[in-house]
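Student: This is the structure I want to talk about, given as structure tokens.
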Amino acid sequence: EEAQRFDRALASYQAYVSEFTDPIETAVVTRFKMSELYAQAGDAEGRSAALREIVALDRAAGAQRTETMRGIAARSALQLSEDLF
């Protein structure tokens, strides 16, 4: 990330969230970081996809849902709605 190699950083994060789905909070936090990297790289579609995934994961988390996840999902939903507005 520090080297501005967003493609490599995103590939690493994608491999991480694919391999390690628990704890779900970590996966949500990592996906939010990915959405920020997509934004820095100018990839609006990738950013939106990551934000939608966060909202979906939070919705399906059930008892595993945490305050951190709720906050990140709320920020993600807000960013998605701002994009539509």
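The values are calculated or read from the model by the stated rules, or taken from the named source; none is laboratory data. Nothing here was measured: the structure is a model prediction, and the numbers come from that model. Cβ: placed from backbone, ideal geometry, glycine included. Neighbour counts: every protein chain shown. Ligands, DNA and RNA are stripped out before the accessible areas are found, and what is left, the full protein with its side chains, is counted by its heavy atoms. Shrake-Rupley method; radii C 1.70, N 1.55, O 1.52, S 1.80 Å.
Student: Could you check how many residues of the range 51-72 are surrounded by fewer than 18 Cβ atoms within 10 Å (Cβ to Cβ) and farther than 22 Å from L84 by Cβ?
Tutor: The total comes to 9.
Student: Here is a follow-up. I need the full set of residues from the range 44-85 which are among the basic types (K, R) and either farther than 17 Å from K33 by Cβ or in contact with a Cys (Cβ under 9 Å, 6 or more places away or on another chain) (or both), in order please.
Tutor: Those that are among the basic types (K, R) and either farther than 17 Å from K33 by Cβ or in contact with a Cys (Cβ under 9 Å, 6 or more places away or on another chain) (or both): R59, R65, R70.
Student: Within the range 20-33, count every residue that is open to solvent by 60 Å² or more (accessible area, probe 1.4 Å) and polar (S, T, N, Q).
Tutor: 1
Student: Then there is this: Determine whether the range 11-19 contains at least one residue that is open to solvent by less than 50 Å² (accessible area, probe 1.4 Å) and at pLDDT below 95.
Tutor: The first filter runs over the range 11-19 and keeps only residues open to solvent by less than 50 Å² (accessible area, probe 1.4 Å), leaving 17.
From what's left, at pLDDT below 95: 17.
Within the range 11-19 (the criterion being open to solvent by less than 50 Å² (accessible area, probe 1.4 Å) and at pLDDT below 95), the answer is yes, since at least one residue qualifies.
Student: Counting only residues that are open to solvent by less than 70 Å² (accessible area, probe 1.4 Å) and part of a helix (DSSP H, G or I), which one in the range 34-43 is nearest to V17 (Cα to Cα)? Steps first, please.
Tutor: Taking the range 34-43 first, the residues open to solvent by less than 70 Å² (accessible area, probe 1.4 Å) are 34-35, 37-39, 41-43.
Those still in the list that are part of a helix (DSSP H, G or I) too: 34-35, 37-39, 41.
Values: M34: 10, S35: 13, L37: 15, Y38: 15, A39: 18, A41: 19 Å.
Here the answer is M34.
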